Amino acid sequence: MDERLQPYENKMQKSFQNLMEEFGSIRAGRANPHVLDKLRVDYYGTPTPIQQVANVTVPEARMIQIQPWEGNMVRAIEKAIQTSDLGINPTNDGKLIRLVFPELTEERRKELTKDVKKKGENAKVAVRNIRRDANDAFKKLGKGSDISEDEVKQLEEGIQKLTDKYISEIDKSVEEKSKEILTV
């Protein structure tokens, strides 16, 4: 592969990885500790990820258990979960916090699949924007007569192949995630 395509492939790869991280935070009826990834808790004045101040486990298919390493963190973690957009009320017994995920309704599943498709579309737009930037850069190279027209054509074909590859990976991932959400 031409090394001039590498920076653009890296950007496309990052867009795809970002999409996969977003998918990880979408709950599909099963408890997934990644739904807590974006939550921050106040730890001695510093916003800190919950995973860095507590032990997060999944003892059952639809429950997440959070055990803070310091007893005084229970309230802060509980508050962070309540003020988040998770839509789950934590229960706490003084030492542990439990998050019980209710079974998703059919309506909620359909909503989530729409959300997954929208995130997929956004990722595809990002990949296409990267392709456009690459093509613009290649045309400038061609105009500056640093490379021949044939080389510009080859680079444009190369970036198109990369675009097709990432678009199909995104489509596949959207389909898999949608199937996972719709499976009761």
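Side notes on the structure shown:
- Residue within the range 81-95 that is assigned to a helix (DSSP H, G or I) and under 22 Å from residue 55 (Cα atoms) present: yes
- Residue 101 passes every criterion in (1) at pLDDT below 85; (2) closer than 30 Å to residue 47 by Cβ; (3) surrounded by fewer than 18 Cβ atoms within 10 Å (Cβ to Cβ); (4) not aliphatic (A, V, I, L, M) apart from (3).
- Within the range 22-42, tally of residues that are open to solvent by 70 Å² or more (accessible area, probe 1.4 Å) and modelled with pLDDT of 85 or more: 2
- Complete set of residues in the range 146-181 that are in a helix (DSSP H, G or I), over 18 Å from residue 15 (Cβ atoms) and open to solvent by less than 80 Å² (accessible area, probe 1.4 Å): 151, 152, 155, 156, 178, 180, 181
- Filter result for residue 130 (among the hydrophobic types (A, V, I, L, M, F, W, C), within 30 Å of residue 179 (Cα to Cα) and surrounded by 14 or more Cβ atoms within 10 Å (Cβ to Cβ)): yes
- Restricting attention to the range 125-149, the residues that are in contact with an Asp or Glu (Cβ under 7 Å, 6 or more places away or on another chain) and either of a type in the set (S, T, N, Q) or at pLDDT 85 or above (or both) total 2.
- Residue 56 vs. criteria open to solvent by 60 Å² or more (accessible area, probe 1.4 Å) and under 22 Å from residue 23 (Cα atoms): no
- Pairs where the first residue, in the range 156-182, is closer than 24 Å to residue 104 by Cα and the second is of a type in the set (Ser, Thr, Tyr) and assigned to a helix (DSSP H, G or I), C-beta under 7 Å, 6+ apart: 178/113; 181/113; 182/113
- When the range 59-97 is filtered for residues that are free of Cβ contacts under 8 Å to residues at least 24 places away in the same chain, under 18 Å from residue 24 (Cβ atoms) and surrounded by 14 or more Cβ atoms within 10 Å (Cβ to Cβ), only 88 remains.
- Put simply, of 2, 85, 37 the only residue that is more than 25 Å from residue 112 (Cα to Cα) and either under 16 Å from the mean Cα position of the chain (by Cα) or acidic (Asp, Glu) (or both) is 2.
The values are calculated or read from the model by the stated rules, or taken from the named source; none is laboratory data. Bear in mind the structure is a predicted one, so any value in this text is a computation, not a measurement. Cβ coordinates were reconstructed from backbone atoms using ideal geometry, including for glycine residues, and neighbour counts include every protein chain displayed. Side chains included, ligands, DNA and RNA excluded: accessible areas come from the protein's heavy atoms. Shrake-Rupley method; radii C 1.70, N 1.55, O 1.52, S 1.80 Å.
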